[in-house]
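Down below is the structure, laid out as structure tokens.
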Amino acid sequence: THPATRHVETALLGRFGERRILLTTKDGRLVCVAPGDQDDVLAFFTKHAHAATDGGRVAIGRPHPGAGGVVHSYEEALNALELADSLGLPEPVLRAADLLVYPVLTRDRQAMADLVRDTLGPLRSARGGAKPLLDTLTAYFDAGCTAAEAARRLSLSVRAFTYRLERIHKLTGADPADPVHRYTLQTAVIGARLLGWPDHDV
């Protein structure tokens, strides 16, 4: 009976009344179940659900066969929402298929925790703790490893940002500008964001 639900339902039925579509709610979320080969339905639902909820985030699970596949797809969508919150992803529309690398990285939680501790642990000894330097690495990787853009995002001068990168290199022994080191650092940064480090011990 929520206005947003009524709005989306009316729009869907008006546009795709003859299709096999289920619109329902679960745990305060609006859920649309549609055949996996009907991207036009998903695109339409996404647009109207996003608008009707004043910019609410929409997650789309992958298509799977059978009734059990619906549950699997729904769980993938929920996991996508949780990942987006953990990683601070800004996208309003999340597709589980685009985020498959993250469950792979965290499947062995202990191995990820070891990587975070061993790779980023030395940042704890920095003045101000690990958080500012972790934010530096996050901004650097999010900006495509472009120091000037990362510095802008953090409201720092390029010189100050470059100094932080040099400090990270000195503390960890890993150079963010080196392709081999970069992969290890970036994976560890993703792990830190997923595990809530350094606010929580891992």
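What to note about this one:
- Here the Debye sum runs over all C-alpha atoms of the chain as equal scatterers in vacuum, and log10 of I(q)/I(0) at q = 0.11 Å⁻¹ comes out as -0.65.
- Partners of Lys170 within straight-line reach, counting lysines whose Cα lies under 20 Å from its Cα and excluding those fewer than 8 residues away in the same chain: Lys131.
- Protein-only accessible surface order, largest first, of Ser86, Ser155, Ser73 at 1.4 Å: Ser155, Ser86, Ser73
- Normalised alpha carbon radius of gyration of the range 65-183 [divisor 2.2 N^0.38 Å]: 1.28
- Protein heavy-atom surface of the range 95-170, 1.4 angstrom probe: 51% of the accessible area is carbon and sulfur, with nucleic acids and ligands not counted.
- Full-extension gain in nm, Gln186 to Ser157, via 0.36 nm per residue minus C-alpha separation: 8.2 nm
- Residues in the range 37-75 reached by a label modelled at Asp27 [backbone nitrogen below 16 Å; 7 Å Cα→Cβ]: 57-61, 70-75
- Distance between the 7 Å Cα→Cβ label points at Ser86 and Asp54: 2.9 nm.
- Spin-label proximity, Lys47 to the range 92-123 - amide N less than 20 Å from point 7 Å beyond Cα toward beta carbon: 92-95
- Relative contact order %, the chain, counting alpha carbon pairs below 8 Å whose residues are six or more apart: 15
- Mean Cβ count within 10 Å, highest first, over the residues of peptides 29-41, 114-126: 114-126, 29-41
The values are calculated or read from the model by the stated rules, or taken from the named source; none is laboratory data. Computed from a prediction, not measured in an experiment: that's the story for all the values here. All Cβ positions, even for glycine, are placed from backbone atoms using ideal geometry, and neighbour counts span all protein chains on display. Only protein heavy atoms, including side chains, enter the accessible area calculation; ligands, DNA and RNA are left aside. Shrake-Rupley method; radii C 1.70, N 1.55, O 1.52, S 1.80 Å.
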